[in-house]
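The values are calculated or read from the model by the stated rules, or taken from the named source; none is laboratory data. For clarity, every value in this text was computed on a predicted model and none was experimentally measured. All Cβ positions, even for glycine, are placed from backbone atoms using ideal geometry, and neighbour counts span all protein chains on display.
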Amino acid sequence: MHVHSKFVLPAVIAVLGLTLAGCAPTSSDASGPSTNGAGLPAVDVSIITSQTGPLAAYGATYLAGWDAGLDYATQGTGTVDGRAVNVTIADDAGDVDKAVTAAKTVIGQGKKIIVGTASSGIALALAEQAEQNKILYISGPAAADGVTGINAHTFRSGRQSYQDVATAGTFIGDPKGKSILVFAQNTAFGQGNVAAATAVLGAKGATVTSLLVPEDATEFTPFAQQIINATPDMVFVAWAGATSAAMWESLSQQGVFDKVPVVTGLGNVATYGAYGAASSKISFLNHYFAGATDNAVNTAMIASLTKSGAVADLFSPDGFNAAVMVVQAIRAGGGDDVAKMITSLEGWTFDGPKGSMTIRAEDHAMIQPMFQVKLVADGANWKPELVDVVDAQVVTPPIVQK
């Protein structure tokens, strides 16, 4: 069935947390591409994301999605209204200081558009730079709720923790009187999920507690035992990075899945086999996988990724959407007028790989559908299968009050 009953949301949240080629993805542009910008200098776009470090795999997926999105949105020309788009990439390595240094460097060079990062802590720092220097910043896969509504200069191209947690809430029915344990890393992403679970499920009467693990931890047996001892009604696991496989293996070895219902976000393709025999025992919320939707934009993105030797993965839409958004901003603001670029994105609805996407004008939240997914055996491997589409309005975060 299609999830459509309204999920009751609290009024306020401001927490720190993690087509076809030849058809431009605007909701109102029925004309062909313009060449008004021909002869003008290229528009510089700076991507700051992880090419090394614990989130490097997410960075690679984002970059491949960006390339596919730019090709799609510019009809294969790499230009917007005749004006070239010059893209540079800086590796943040998952380090806030490196990211901020990279941002200051490109801002000092006069560049006015920055996109990217899978790290919530970095996204929050780059948002601060965007406001201070009056540039346009579009965050990547970083899910921190605090990115939404942080300032007028910051947008996001992916989902946020609130939407993850609200999707998790669709698995347990009425949360009233139930105990929810959030198992996560002690990072901005993990803390954001705790805050979001408290805001979403706690507001519905659930008791929300957390078990936060140091980001550099590699031994998870003691934490698995703590989960069992807590005897929650549901464990919500919010995890990211290179230790995912080891964490899931430890939970399985300690028998967590036999004792406690577990809900988590389905990770990237590389993690599909990480859950082992417990795969069929986990309920998965999902941001995106290749089979989640069947629309022309998703088909075009997958075709482009395949052509380049990449695969559609968890954060492919984030890169794709970012490119589509940048093209829209350049088309409206020329790549030079930041105020016009911001205005062009506020309230804009476009078709993305996940379906209809709307950038809420009030706080720049990305309103989008989410998915319920299960893993099914595929020979010796596992593959995702769509269980249900969770309507965007069911998981829409409340407007951030400024």
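Of the residues 293, 264, 299, 343, which is polar (S, T, N, Q), farther than 16 Å from residue 61 by Cα, part of a loop (DSSP other than H, G, I, E, B) and out of contact with any Cys (no Cβ under 8 Å at 6 or more places or on another chain)?
Working: 264 fails: part of a loop (DSSP other than H, G, I, E, B); 299 fails: part of a loop (DSSP other than H, G, I, E, B); 343 fails: part of a loop (DSSP other than H, G, I, E, B).
Just a single option satisfies the conditions, and that option is 293.
Listed here are the residues, each with its yes/no results for (1) among the hydroxyl-bearing types (Ser, Thr, Tyr); (2) under 20 Å from residue 139 (Cα atoms); (3) at pLDDT 95 or above; (4) in contact with a Leu (Cβ under 6 Å, 6 or more places away or on another chain).
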{"position": "297", "(1), (2), (3), (4)": "no, no, yes, no"}
{"position": "300", "(1), (2), (3), (4)": "no, no, yes, yes"}
{"position": "305", "(1), (2), (3), (4)": "no, no, yes, no"}
{"position": "309", "(1), (2), (3), (4)": "no, no, yes, no"}
{"position": "327", "(1), (2), (3), (4)": "no, yes, yes, no"}
{"position": "331", "(1), (2), (3), (4)": "no, yes, yes, no"}
{"position": "340", "(1), (2), (3), (4)": "no, yes, yes, no"}
### Message
For the structure I just gave you, tell me whether residue 218 is surrounded by fewer than 17 Cβ atoms within 10 Å (Cβ to Cβ) and either of a type in the set (Phe, Trp, Tyr) or part of a helix (DSSP H, G or I) (or both).
### Response
no
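Please pick out the residue among 183, 155 that is aromatic (Phe, Trp, Tyr), within 22 Å of residue 243 (Cβ to Cβ) and touching a strand residue (DSSP E or B) at 6+ places or on another chain (Cβ under 9 Å). Talk me through it step by step, then tell me what you get.
Working: 155 fails: within 22 Å of residue 243 (Cβ to Cβ).
Of 183, 155, the one residue that is aromatic (Phe, Trp, Tyr), within 22 Å of residue 243 (Cβ to Cβ) and touching a strand residue (DSSP E or B) at 6+ places or on another chain (Cβ under 9 Å) is 183.
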### Task
Give the number of residues within segment 264-321 that are closer than 18 Å to residue 368 by Cβ and in contact with a strand residue (DSSP E or B) (Cβ under 9 Å, 6 or more places away or on another chain).
23
#### Entry: Selection count, segment 367-402, where residues are out of contact with any Ser or Thr (no Cβ under 7 Å at 6 or more places or on another chain) and within 23 Å of residue 322 (Cα to Cα)
10
### Summary
Within segment 360-380, the residues that are under 14 Å from the mean Cα position of the chain (by Cα), part of a strand (DSSP E or B) and surrounded by 20 or more Cβ atoms within 10 Å (Cβ to Cβ) are 366, 370, 371
### Task
Name the one entry in 255, 265 that is over 24 Å from residue 143 (Cβ atoms) and outside the structural domain of residue 55 (by TED's automatic domain parsing).
255
#### Entry: Complete set of residues in segment 152-186 that are of a type in the set (Ser, Thr, Tyr) and surrounded by fewer than 24 Cβ atoms within 10 Å (Cβ to Cβ)
170, 179
### Message
Filter segment 170-220 down to the residues that are within 21 Å of the chain's Cα centre (by Cα) and among the acidic types (Asp, Glu) and list them by number.
### Response
215
### Residue ranges of strands (runs of 3 or more DSSP E) in segment 71-139 with at least 2 members under 24 Å from residue 302 (Cβ atoms), modelled with pLDDT under 95 and out of contact with any Ser or Thr (no Cβ under 9 Å at 6 or more places or on another chain)
none
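Taking the stated definitions as given, is residue 227 of a type in the set (Val, Ile, Thr) and outside any helix (DSSP H, G or I)? Working first, answer last.
Numbers: of a type in the set (Val, Ile, Thr): yes; outside any helix (DSSP H, G or I): no.
Answer is no for this residue.
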### Query
Looking at residue 350, is it touching a strand residue (DSSP E or B) at 6+ places or on another chain (Cβ under 7 Å), assigned by TED's automatic domain parsing to the domain that holds residue 172 and part of a strand (DSSP E or B)?
no
### Message
Looking at 271, 231 in this structure, which one is surrounded by fewer than 22 Cβ atoms within 10 Å (Cβ to Cβ), assigned by TED's automatic domain parsing to the domain that holds residue 385 and either among the acidic types (Asp, Glu) or modelled with pLDDT of 95 or more (or both)?
### Response
231
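Go through segment 55-70 residue by residue and tally those that are crowded, with 24+ Cβ neighbours inside 10 Å and part of a helix (DSSP H, G or I). Let's see the steps before the verdict.
Within segment 55-70, the subset crowded, with 24+ Cβ neighbours inside 10 Å is 55, 58-59, 61-62, 65-66, 68-70.
Those left that are additionally part of a helix (DSSP H, G or I): 58-59, 61-62, 65-66, 68-70.
Qualifying residue count for the region: 9.
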